Every structure is written in structure tokens, then in C-alpha cells.
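Remarks on the structure that follows.
Values in this text are rule-based calculations from the coordinates and carry no lab data. The shown structure was predicted, so the numbers you read here are calculated from the model rather than taken from an experiment. Cβ: placed from backbone, ideal geometry, glycine included. Neighbour counts: every protein chain shown.
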Amino acid sequence: MALLQISEPGQSTAPHLHRLAVGIDLGTTNSLVASVRSGIADTLADGEGRHLLPSVVRYLKGADPVVGDVALAAAADDPLNTIASVKRIMGRGIDDVKTLGGTLPYEFAPGESGMPRICTAAGLYSPVEVSAEILRSLKRRAEASLGGDLSGVVITVPAYFDDSQRQATKDAGRLAGLPVLRLLNEPTAAAVAYGLDRKAEGVFAIYDLGGGTFDISILRLNRGVFEVLATAGDSALGGDDMDHAIADWMLRQAGVGVSGDPHGARRALRDARAAKHVLSQSAQAAVCVTRPDGSVWHGTLARAEFDALVNPIIERTVAPCRRVMRDAAITAADISEVVLVGGSTRMPRVRERAATIFCRTPLTDIDPDRVVAIGAAIQADILIGNKPSDEMLLLDVIPLSLGIEIMGGMVEKIIARNSTIPIAKAQDFTTFKDGQTAMAIHVVQGDRELVSDCRSLARFELRGIPPMVAGAGRIRVTFQIDADGLLSVSAQEQTSGAASSVVVKPSYGLSDAEIERMLRDSIVHAREDNDARNLREQQVDADRVVAALESALAADGDALLSAAERLEIEHKLSLLRSVRDGTDVACIRDGIDTLDRATREFAARRMDAGIRKALSGHRLDEFG
Amino acid sequence: MQANVEKNFFELFGLPVGFDVDAADLATRYRDLQRRFHPDRYANATDAERRLSLQIAAQINQGFQTLKEPLSRGRYLLALRGVSTDEETDTSMDPEFLVEQMELRESLDEARHSPPRREQLAREVDALLRTRTEFLGRSFAGGDSEALLRARELVREMQFLKKLARAIEDLEEAD
């Protein structure tokens, strides 16, 4: 062993191989995967040199689904089995999907737990499964170009995604067999790509208009710390809406009704998108519509007409921009740079509007399609530990307030929007009946006062409250948001100390049982051995725990543990090492759990020592 | 299992317990603490350390939020000294202050559709908040029980004014 080891907390000191980590931008229209190689972050191309993977999946009867350009090419001919823009319905309920109805040509069936299923020739698929198919395709691409298994993945989500949309994205990663390290907000990823590139300091505005979502975030950069001050947006606003506006106009001009012909609608959408791209460079675009009777309408879409069609959509970005500056307590004059992200920001009209809102010319020198994936790759590389000395840290916020339903269908806010995560807030509830042993709580997300105007996240049932007279039972419920922006809940009765169990029913998510079943199905599908996969996962987990503990012992074992304590931990460590190479999954799991229990006290001491050390950099006379 | 972070927020940030907090210094300490304890720094650590880092990072965030704003800092300081502000249950306020509040609410109604008048009103409320913040600092410096009661009153009034300021902002947003 080395003579002297100095380690940052949590970073392994053992010299190890460069571990493969990637960032994935799972977009509405296109998806990308990027990685840091030889210190440079870049997106990875497929075998034919293409970086963008169209986020389109086509399901075929009796065959594997196809993803990307091949699927996209079939979209107009096979609209019902070719799923595009699935991100718009991630984490949504069947009622939300019906509201979006006109813009989505698929047929839906209700799922077991409120999540809709799309009817295809190959069966029913949830949006999570469709997204997992896209992720699998990117995983294969990354493994092929990097030459090995991936150790860690960061997936980006719009900053304005709520809890169910984030959970759905994380579930898709799990379903695709990806080791997801973190969900990262897209604007934050873009800021990382720009900020690290330029060693910038100051306040950044990130204006991100993609295919289906709009985000505006304000960040402060200070010596490697990216602090999100506020974020706002609209998770159903983007280039797709422009395509629909243009397609509707074309169909109207051709004298064709909008409804009833999915093939015609898909073709019109495809042509509308092409016209939009032409108009980013030219003053006009030629368009045509084939009518159901076979006759063809030819026309021209001029810039002025085009601007009139898309302006109402672009204008919807203005109010969130104003709100985010107010929430961040800044004015346009405080902003040092404006960054444009997302394919829709290629449009001259969008660039002009962003410039007038913030009174400055926006930055566009990193490809707006690739900047998010590049930022995610940088973060993945740091999280996996390939750059132990890096000082970069991202402090993100929760985009929408979190609350619970109280009397009269009103919302009581527990955690305010734009609170920095991770965050925990406790709320006390009292029993209102004699001998009450259970309590139901409804959690919602949003900034309106009525429950009906917010999104229902989950219903919790607290059980196991010791029976007491009314009002005597006091249950403290703790809502915790982790660094991915995901919610978890715990509860404890305060007078007796009894822990109440919390049963979570996600309003629009998948239950654990459904995910398990999908995992099994996908494995059968891939003809992979379930047991072998389980074993490999446990072994990887065991290796991670062993490496982390070895590094912690090397750094602080002598200082913080007595000889007996250290012996005890090393004993449990060698037990885990000895079962690790066996084939008994339960035995390995047990070894990990035992070691975890044995090291809790050590972990707590290390944290305490860390706090003392963190403060020792400051002037001593400040300690009161 | 718990790390010894049952310290109060001032101790967590290595600051003397008191109302005067330098905003820039607090922000630097905050970033230094998060640099060390944020869950991202523990992506490869043991499970026990990962859970603790989540817990401590949440506490650092809450501490920063609490100490950053004069109102929440004042309320927290009072709580540390055993004085509850009882904003939910105790509704008795100085009658003069209540009359002033009613007048401000009326001006808010009148300013509903006039952005310049709204801005004027926002400035007025801001000035009232700032004077109270200054008085609050002096009351805490006093430290005797009478000064603490005065501080309690100021915090309660600031809570009213903060709500009013938010109502003005909401009007701007609704425009």
C-alpha cells in the first residue's frame, strides 16, 4: 500500500482505471449521448457518423422495436405504431394525455396505476418503456464507441419537470439497465458546458427552448460552484407547437380538415418542420399538401406569415423570464451572459426575442443541440470520480412548490419553489379521532392555492399510530427532496416515538411491481439471464462499498477508530470480500447490509470531523 | 444514527449567535460547507456516508435560508432564546400598526391596475421593512427581556409586511 494517502471525502484513493461515464440528453425531438475522453467532452456518433438520435420508436409485430432515423422515416406511413415526442407524456396521467389529445396521433389505454399505455401493433407500452427503448439505443452506441460497460450515467431533464416526470425518467433509466448517478437539469448542464469552458464568473441566464419544453434558469457562478438562483418554465411548450401551428395553417390553406386523417396529419407535420428549418436561413419556404382525393396544393410560406404563426408561441416564454428574474431578486442589468439552448433557439425570431428580454446578445458558440449532453458528460465524469480534485459543484433548486391538501381542497405549502436541494422539511399532524391508528395525506406540487389547480403527486397513508385520545397523537412527517429533485417521505409519532409506516401511491407513476415486471419482460426479450444480471449488480454494488470503505479507513481509520472498532469493521469487510466472488445473491446483499450497519458510527464521526475541518478555514475569533 | 449536527445554524456556519450577519461572508461559508458535504461529493462513498451527506446538505441549505433573510433570522434567534412568535395563534397586534396595514391594503386595491402606483407602493413597503430590520438589530443587541419582546413585535410586523410585499408581486405576475 501507499505510504501516505490524502483523500477528499468520498473519493477513492485507490489508483483505479478510468471508469466509463456518459451524459445523456433525453430530448423531445432528438437524444444524444456524450462522454469525456482525454479531458475533452464531446457527443458520440453512431456507426454512420450521426450524433443526433431522433427520439422516435417504432413498434413492429413480432420483431424488435426500431429507434431513431429508421423509425422517423416510417412515422408518416405508420403513425399509430411510431411513437415520437414521448417526453411530452412522461409522468402524465391519462386525463393530461387526453388534453394534449389533438396533438398526439396515438391511441391510449389506461394503465394499472394511472399511467397511460400506448396501443401499438406489438402491444401496450407506457411512456417509460418507450423512453427506455431510446436509452437502450444510446447505451449500445456508447458501449460500442467507448469499448466497455458503463459505470455511471447522468440523464438530463427539463428544470421545470415535476416529481412524477422526474421519477418516470429515472424509471426509464433503470428499465434500460443504466447505472444512473444523477438526474441533472438541462439548463444547469448547459451552464456547466459554457462555464467550465470559459472559466466564467457572474450571473448567467439560460434560455432553453427545445422541441417540447421551455426552461429559463438564472445561475450564479462562483469559483466552480454553480448555484441555481431560480428557475421557471413550461413543460409543454416548444418547437412541436410551432410545427403544429404551421401544419394547421398548411392544411387550412389547402382546404383540408385537420382531424380524421393521421397519415395526412403526420405528413403535414413533417413538412411543416422542414419548412421551419428552411425559414431559419431563407426568407420563404415552398410547401405542399396532398389532399385525401390525391390532388396537390402548392404554396409558399413567407417570413412575415411564419413569424405571425410562431410569435404567439414565442411570446409565452416572456412571462416565465420575468418571473424568474423576480424570484432570483435580480434585474436584466445584473445578468452577465445569456446562453441559448435547444434546437428552437436556432430560429432568428427566438434569438431576437431572447435578446430583447435580457437586453443583451445571447451566446450561441456551443451547438445548442449538443450543449446539454456535453454538460451532462462533464458532471458524470466528476461524479464517477475520474477527476478527484475537481472543485465543481452544482447547487440546484426545486422548480415548483410542494404542499399537502388541507380542509376545503386548499393547499398548504411545505417547501417553496426555488428552494435549494437537497432539502428536508418536517410538518406535524395531530390525530382527530379517539384511537385513530391511520391517517391519509395527499401531496401535491404547484404554486396555486387550490388542490385542483396543482399536480397530484402521491397519496400517503400513515399506519401504525399508537391509539390515543383525539388530538394527543402528534405525527411528524418529514418530506425530503434529494439531489435529483425526487421526493421521499418518512413519519414518526412524537409522543411515543413509534415510527409510522408510509405507503406511497404515486398518482401517475409506475408501482415498483410494474417496474419489476417490465424489467423481467425486457430481460426475457433480450434473452438475458435474470439471475446472472442480479448477481452482477450485487457484485458491482459490493465492489463499490468495499472500495469506498477502504478509502475511508485509509484516510481516517487511525484517527477516528479505536483498535477494537477498527478490527470489528475490518472483520465485516473481509466477510463481504469472501462472499463477493460466490454466486449467492442474498449472501452478498446480507454482507453489504451488515457492513453498512457496522460502519454507521464511523461515517458519523467522519462527517463531524469534516464539519470541524470545513470551518477551520475561517477566522478563529468568529466562533462565539 | 445521526452526525452531530444537532448544532444550531449559527454553530453550523461557525458564526457567533446574533442578528448581525454579513451576507457575503455567510454565502462564502455556505459554499465552502456544500463543497464538502453535498451528496455529489459522496457519489462513490459508503451508503452510510451517502445518507449522512444528504441529511447534512439539507441542513446546510435550511440554515442558509434561515440566516440569509432578516425576518427568518430574527424569528430563529427568538426561538433560540425561547420566545415563540406565535404568528398562527396570537393575532393581537398594535392597533396603530393594524390601521396602517389596512390603509396599505386599500392602496393595494387601488393600485391593482396601475403599474406605477404598484411600484410606488412596493417602495413604501420596502422602506417600512428596512426600518424594522434596523430596529430589530438594535433590539437583539439590547438583549434584556423587554428588548426581546420588542423584537418579537417587530418580527410579527415584518411578517405582515412581507405578505403584503408578496401580494404586490403576485399582482405584477398576474399582469
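Residue order for A:Y207, B:Y42, fewest other beta carbons within 10 angstrom first, comes to B:Y42, A:Y207. For GluC sites (Glu not before Pro), the sites in the range A:318-400 that DSSP calls loop and that have at most 11 other Cβ atoms within 10 Å are A:E391. Note on A:A302/A:S490: beta-carbon distance plugged into 1/(1 + (r/R0)^6) with R0 of 45 Å gives a FRET efficiency of 0.15.
Considering only Cα-Cα distances, which of the following residue pairs are longer than 21 Å: A:K572/B:K7; A:K61/A:K139; A:K413/B:K162? Those over the limit are A:K572/B:K7; A:K61/A:K139. Per residue of B:55-62, other chain Cβ atoms within 10 Å of the residue Cβ number 6 on average.
One decimal place: the segment A:I40-A:R517 gains 167.8 nm when fully extended, by the rule 0.36 nm per residue minus the C-alpha distance. Judged by the gyration tensor of its Cα atoms, with axes a ≥ b ≥ c, the range B:95-174 is prolate; a/c meets the 1.5 cut and a/b is the larger of a/b and b/c. Residues A:C359, A:C119, A:C454 in ascending order of nearby Cβ atoms (within 10 Å, fewest first): A:C359, A:C119, A:C454. Could you point to the residue in B:A122, B:F140, B:L154 farthest towards the positive end of the range B:95-174's charge dipole, with +1 and -1 charges on the Cβ of Lys/Arg and Asp/Glu respectively? Farthest towards the positive end: B:F140. Shape annotation for chain A: C-alpha extents along the principal axes are 88, 64, 60 Å, from largest to smallest.
From its DSSP helices (H runs of at least four residues, each -39,500 (n - 2.57)), the protein assembly as shown gives a residue-normalised ellipticity at 222 nm of -15000 deg cm²/dmol. What's the center-to-center distance, using Cα atoms, between the range A:27-49 and the range B:1-78 in Å? What the calculation gives is 37 Å, centre to centre.
Shielding value for B:24-36 is 5, the average number of Cβ atoms from other chains within 10 Å of each residue's Cβ.
Going by neighbour counts of Cβ atoms within 10 Å, the residues B:T85, A:T213, A:T290 line up, fewest first, as A:T290, B:T85, A:T213.
Summary value for chain A: 14 percent relative contact order, contacts being C-alpha pairs under 8 angstrom separated by 6+ residues.
Taking square-rooted eigenvalues a ≥ b ≥ c of the alpha carbon gyration tensor, is the range A:295-381 rounded, prolate or oblate, where a/c under 1.5 means rounded and, failing that, a/b exceeding b/c means prolate? Oblate shape, in that a/c is at least 1.5 and b/c is the bigger or equal ratio.
Between the range A:79-154 and the range A:194-236, the alpha-carbon centres lie 27 Å apart. Taken about its Cα centre, the range A:398-510 carries a charge dipole of about 80 debye when Lys and Arg each add +1 at the Cβ and Asp and Glu each add -1 at the Cβ.
Full extension of the segment from A:R612 to A:F108, taken as 0.36 nm per residue of separation minus the current Cα-Cα distance, would add 175.8 nm.
In the protein assembly as shown, taking the dipole from charged Cβ atoms about the Cα centre, the farthest positive-side position among A:V57, A:T345, A:G557 is held by A:V57. For A:A498, the amide hydrogen comes within under 5 Å of the amide hydrogens of A:E493, counting only partners 5 or more places away or on other chains and with H modelled in the peptide plane. Considering only beta bridges that DSSP places wholly inside the range A:112-231, some 75 percent are antiparallel. Multiplying the residue separation of A:A564 and A:L450 by 0.36 nm and subtracting their alpha-carbon distance yields 35.2 nm.
With Cα atoms defining each centre, the range B:141-158 and the range A:400-438 are spaced 30 Å apart in the structure. Each label was represented as a point 7 Å from its Cα along the Cα-to-Cβ direction; for A:T430 and A:T364 these points are 6.1 nm apart.
Taking a Cβ cut-off of under 10 Å around B:E69, the surrounding Lys, Arg, Asp and Glu residues balance to a net charge of +4, with basic ones at +1 and acidic ones at -1. Within 10 Å of the Cβ of each residue in A:544-556, the mean number of Cβ atoms contributed by other protein chains is 3.
Within the range A:450-491, find all residues whose amide N lies under 16 Å from a label point positioned 7 Å from the Cα of A:M410 along Cα-to-beta-carbon. Counting only backbone N, you get A:450-454. Judged by the gyration tensor of its Cα atoms, with axes a ≥ b ≥ c, the range A:398-510 is prolate; a/c meets the 1.5 cut and a/b is the larger of a/b and b/c.
Candidate cross-link partners of A:K87 among the aspartates and glutamates, defined by an alpha-carbon separation under 12 Å and a same-chain spacing of 8 or more, comprise A:D25, A:E129, A:D240.
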